[in-house]
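Colleague: Before I ask anything, here is the structure I am working with.
Each reported figure results from applying straightforward, stated rules to the coordinates on display, with no laboratory input. From a predicted model like this one, the values you see are computed outputs, not experimental measurements. Because the Cβ atoms are built from the backbone with ideal geometry, glycine has one as well, and the counts that use them run over all protein chains shown.
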Amino acid sequence: MMVGVSVSQLEKMVFLDKNSGGLEPGIPEVVDTRFGKVTLQREKIVAFPRGLLGMPEKKNFQIAEFPSEKLRRFKLLQCCDDYALSFITLPVGLENGIIAAEDLLRASNELGIKADNLAVLLIASVHRAPDKVTISVNARAPLLIDASLRLAAQYVFQTDKYKVQHYITA
């Protein structure tokens, strides 16, 4: 029995918000991001009522396909309040090898997100060195999304069990 939301379901999320960074309803807008062009639609906004860590005023985001073919397994979390702000994210399921399913379920329960509606994104960072490129994800503070309500929160685990820089294979 699968619990949680699949990546394809995550991409179909719709949330209507009157304060959506100037996007007009029903009219797609192409935005230049630091990663390339991304199409945004007001109807696909995910709201973070408390914003993200360190950015409480940034509340409206859209999950978009990553413009780079090399990083297709990642999604772009584009801020609709500030087009200059975007994050590389990694969608993961409950059984993901990075964060224990029981910890994700406990966190989602604390936030009032039913397990069947839970979608999880991990913010990724690219680390460049002269001889290699590595990618890490923030496993300490995942983004938990209620796909039915189209609401999300960044949850911080109060333990050192999970790292802010958990390295993964690209």
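Colleague: Lys132: which lysines have alpha carbons under 17 Å from its alpha carbon, excluding same-chain residues fewer than 8 sequence positions away?
Modeller: Answer for Lys132, where 17 Å is the Cα cut-off: Lys70, listed by chain and number.
Colleague: I've got another one for you. Residues of the stretch 117-131 with the amide nitrogen closer than 16 Å to a label point 7 Å from the Cα of Ile98, along Cα-to-Cβ, please.
Modeller: Under 16 Å, as judged by backbone N against the label point of Ile98, lie 119-127 of the stretch 117-131.
Colleague: Among the lysines, which have Cα under 21 Å from the Cα of Lys114 when same-chain residues fewer than 8 positions away are ignored?
Modeller: Here the lysines satisfying the reach criterion relative to Lys114 are Lys12, Lys44.
Colleague: Let me ask another. Rounded if a/c is under 1.5, else prolate if a/b is larger than b/c, else oblate: which is the stretch 106-170, with a ≥ b ≥ c the root eigenvalues of its Cα gyration tensor?
Modeller: Here the stretch 106-170 falls in the prolate category.
Colleague: With a ≥ b ≥ c taken as the square roots of the eigenvalues of the C-alpha gyration tensor of the stretch 25-160, please select rounded if a/c is under 1.5 and otherwise prolate if a/b is larger than b/c or oblate if it is not?
Modeller: Since a/c reaches 1.5 but b/c is at least a/b, the shape of the stretch 25-160 is classed as oblate.
Colleague: If I take R0 = 25 Å and measure r between the Cβ atoms of Leu111 and Val164 in this structure, what FRET efficiency does the formula 1/(1 + (r/R0)^6) give, to the nearest 0.05?
Modeller: 0.80
Colleague: What is the distance, in nm, between label points placed 7 Å from the Cα along the Cα-to-Cβ direction at Arg72 and at Asp131?
Modeller: 3.1
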